[in-house]
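The values are calculated or read from the model by the stated rules, or taken from the named source; none is laboratory data. Just so we're clear, the structure is a prediction, and the values are computed from it rather than from any experiment. Virtual Cβ from ideal backbone geometry, glycine too; neighbours counted across all protein chains shown. Please note that ligands, DNA and RNA were not included when accessible areas were found on the heavy atoms of the full protein model with its side chains. Shrake-Rupley method; radii C 1.70, N 1.55, O 1.52, S 1.80 Å.
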Amino acid sequence: MDLPWQKRADLRVTRHDGGGWVVKDPVRLEYALLDEVEYSVLQSLDGRTSTAAVVDRLLRQFPGRGLTAED
């Protein structure tokens, strides 16, 4: 069964000056630097969209990247 994932509401996302996006996790006090594909995945985690739909959207949005479902 493919349960949709949901992004936590408390994550803080800002654009990084050097490119990409910085995600701050205020609970774990950790940061992550995301590229455009990873950021697009994070934005897709709305609790309703299936994993297959997220992958399909990524393949359309980034056709030259050679992404697969395993990625």
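Structure summary
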{"read-out": "Debye, to nearest 20: dipole size of the chain, +1 on Lys, Arg Cβ, -1 on Asp, Glu Cβ", "value": "240"}
{"read-out": "Among VAL27, ALA52, LEU3 the positive-end extreme of the charge dipole of the chain (Cβ point charges)", "value": "VAL27"}
{"read-out": "Rounded Å value of the spacing that divides the Cα centres of the range 47-71 and the range 1-28", "value": "18"}
{"read-out": "Relative contact order computed over the chain (Cα-Cα under 8 Å; 6+ residues apart), in percent", "value": "31"}
{"read-out": "Structure-based [θ]222 nm, the chain - -39500 (n - 2.57) summed over DSSP H runs of at least 4, per residue, nearest 500", "value": "-8500 deg cm²/dmol"}
{"read-out": "Between 0 and 90°, nearest 10: helix 51-61 axis offset from the chain longest Cα axis", "value": "90"}
{"read-out": "Heavy-atom accessible surface of the chain: percent carbon and sulfur, 1.4 Å", "value": "54"}
{"read-out": "Counting all C-alpha pairs of the chain, share separated by more than 16 Å (%)", "value": "53"}
